[in-house]
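The values are calculated or read from the model by the stated rules, or taken from the named source; none is laboratory data. Predicted, not measured: the structure shown is a model, and the values here were computed from it. Glycine also receives a Cβ, built like all others from the backbone with ideal geometry; neighbour counts cover every protein chain displayed.
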Amino acid sequence: MPSELDDILILSSQPDFRKRWEELRFKLQLDVMFYGVGPERKSLCDILDNVARRGNQAVAEYTERFDRVTLTPEQFRIADAELARAHTGMDASLLQSIRGAIANVRKYQTEIFIGNHTHPGIKYTPLRRVGVCVPGASAPLPSTVIMTVVPAQVAGVQEIVVVSPPRYQESIHPVILAVCHELGVNEVYRIGGAQAVAALAYGTATIAQVDKIVGPGNKWVQAAKKEVFGHVGIDSLAGPSEVLIIANDQANPAWVAADMLSQAEHNPGSAIALTDSQRLAESILEELKKQVAELGRSSETMECLRKYSGVVVFDNMEDVIQGANDFASEHLEVQCGTRSREIAEKIRNAGAIFIGPYTPVAVGDYWAGPSHTLPTGMTARFSSALTSNDFIKSSSIIEYTAAQLAASADDIIRLARTEGLDAHARSVEIRRQK
């Protein structure tokens, strides 16, 4: 089994190096590009259309079909008593950790919130109502709730709705419910998939329409978000998780391998290491072979390593940095010893940058403060991590006095007439008439 990984070592000395590197770069991007494209699109559009037209009845039918849970519309929403019961039953040490994470995220999101800064020419208004999608994974994902809800609360969003499929005893995992209760979110629905996105986007008799939908999910959730974008706002189209690690000969190969595996175990997930040291690359590969065999999900993780991952050796660190910027990874670690910060400053494209050997992705996933909802599939070239600033909208404020208008009138009139808009020009001229 270990020899299966030999093919993920890509050397700049190989004649097909450029071709293999380009293929590795675009694998995950292509997955995201084709969300909701092809034969699946008709099925997706049918779901969205049915929910838009038939509301709760369609949501109930799709929940029964896809989740194999029969619910009446009155059963969609989790009762306040159930939220409180889940919170009371939470392990005390876990609750303490969750409260620590919430405090860190709230502090960071408050410090970066642009709504705290004033300018006479702009007005910031929080979104009224936001929907959060929480996946119904085999294990609960409380961090997803924290990383999406807290930024919205910092922005001043008054109504936050959480949806999650009924995958735990025909409901939502109690850890998710407990975190919602801890955060004061009491509008929680046990629905998921494209039907939940449609319910949030269009509204039903029991679920009011939201202004924006955020949060991760499978390809159906992401494709649905893509389809309803424009009718409501969305955060991003999230693809499989990624980590790209820049490492030099000062890096610990066992730590690099462990960090690669932490993303590859997502299945699908991508783990890339870029280095200018062939010796380090070979050591990382050996560590991957050793460590993957020790994982509980060894075969699935191995498949992700073979399909989406690579250990790539460039000729020099400048080429490594260029490769990292071209890849525009969701998570980017710099494990280059004393050069870590210097190299990190040269990174232009990354969702989140983790500097130094003691900053694995898990620190950002759970604790540091920035949201772990990040751009994937090379979209970090033009988009950013989810923050409190994504839950406000701005309105320009323009207020001129008579003297200010008079001083600018000739220029405004000249520009309007150049564009053939005489009525625009006249709206200024009429104010100059005695």
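Considering only residues of the stretch 308-329 that are within 22 Å of the chain's Cα centre (by Cα) and in a helix (DSSP H, G or I), which is surrounded by the fewest Cβ atoms within 10 Å (Cβ to Cβ)? Don't jump to the end; show me each part of the working.
Looking only at the stretch 308-329, we keep the residues that are within 22 Å of the chain's Cα centre (by Cα), and these are 308-309, 324-329.
From the residues that got through so far, the ones that are in a helix (DSSP H, G or I) too are 308, 324-327.
Details: 308: 24, 324: 25, 325: 17, 326: 14, 327: 26.
It comes out as 326.
Taking the criterion of being of a type in the set (Ser, Thr, Tyr) and either in a helix (DSSP H, G or I) or surrounded by fewer than 14 Cβ atoms within 10 Å (Cβ to Cβ) (or both), would at least one residue in the stretch 26-41 satisfy it?
The initial filter retains those residues of the stretch 26-41 that are of a type in the set (Ser, Thr, Tyr), namely 35.
Filter again for either in a helix (DSSP H, G or I) or surrounded by fewer than 14 Cβ atoms within 10 Å (Cβ to Cβ) (or both), leaving none.
Scanning the stretch 26-41, I find no residue that is of a type in the set (Ser, Thr, Tyr) and either in a helix (DSSP H, G or I) or surrounded by fewer than 14 Cβ atoms within 10 Å (Cβ to Cβ) (or both), so the answer is no.
Residues to consider are 296, 239; find the one that is of a type outside the set (S, T, N, Q), surrounded by fewer than 24 Cβ atoms within 10 Å (Cβ to Cβ) and part of a loop (DSSP other than H, G, I, E, B).
296
Would you say residue 98 is within 24 Å of the chain's Cα centre (by Cα) and either within 19 Å of residue 185 (Cβ to Cβ) or among the small types (Gly, Ala, Ser) (or both)?
Taking the combined requirement at face value, the residue satisfies it.
Suppose we filter the stretch 57-107 for residues that are surrounded by 13 or more Cβ atoms within 10 Å (Cβ to Cβ) and among the small types (Gly, Ala, Ser); how many remain?
Residues in the stretch 57-107 being surrounded by 13 or more Cβ atoms within 10 Å (Cβ to Cβ) and among the small types (Gly, Ala, Ser): 6 in total.
Give, as residue ranges, the strands (runs of 3 or more DSSP E) completely inside the stretch 90-204 that count at least 1 residues that are touching a residue at least 60 places away in the same chain (Cβ under 8 Å), β-branched (Val, Ile, Thr) and in the same structural domain as residue 49 (by TED's automatic domain parsing).
Output list reads 122-126, 129-133, 187-189.
Would you point out the residue of the stretch 315-360, among those that are of a type outside the set (A, V, I, L, M) and in contact with a Gly (Cβ under 6 Å, 6 or more places away or on another chain), that is farthest from residue 240 (Cα to Cα)?
Ranking the candidates gives 340 first.
Conditions first: (1) within 19 Å of residue 349 (Cβ to Cβ); (2) polar (S, T, N, Q); (3) part of a loop (DSSP other than H, G, I, E, B). Residue 270 passes all but one, so which condition is the exception?
The single condition residue 270 does not satisfy is (3).
Give me a count of the residues in the stretch 211-235 that are of a type in the set (Gly, Ala, Ser) and surrounded by fewer than 23 Cβ atoms within 10 Å (Cβ to Cβ).
2
What number goes with the only condition from (1) at negative phi; (2) modelled with pLDDT of 95 or more; (3) of a type in the set (Gly, Ala, Ser); (4) out of contact with any strand residue (DSSP E or B) (no Cβ under 6 Å at 6 or more places or on another chain) that residue 281 does not pass?
In the conditions (1) at negative phi; (2) modelled with pLDDT of 95 or more; (3) of a type in the set (Gly, Ala, Ser); (4) out of contact with any strand residue (DSSP E or B) (no Cβ under 6 Å at 6 or more places or on another chain), residue 281 misses (4) alone.
Test of understanding: among 412, 397, which residue is of a type in the set (Val, Ile, Thr), under 30 Å from residue 156 (Cβ atoms) and not assigned by TED's automatic domain parsing to the domain that holds residue 133?
The match here is 397.
For the stretch 251-278, name all the residues that are within 14 Å of residue 310 (Cβ to Cβ), among the hydrophobic types (A, V, I, L, M, F, W, C) and touching a strand residue (DSSP E or B) at 6+ places or on another chain (Cβ under 6 Å).
256, 260, 264, 271, 272, 273, 274
Could you list all residues from the stretch 247-264 that are over 9 Å from residue 284 (Cβ atoms) and either in a helix (DSSP H, G or I) or of a type in the set (Val, Ile, Thr) (or both)?
The answer is 255, 258, 259, 261, 262, 263, 264.
Kindly provide the set of residues from the stretch 122-168 that are surrounded by fewer than 24 Cβ atoms within 10 Å (Cβ to Cβ) and polar (S, T, N, Q), ordered by number.
Once the filter is applied, which keeps residues that are surrounded by fewer than 24 Cβ atoms within 10 Å (Cβ to Cβ) and polar (S, T, N, Q), the stretch 122-168 yields 125, 138, 143, 153, 158.
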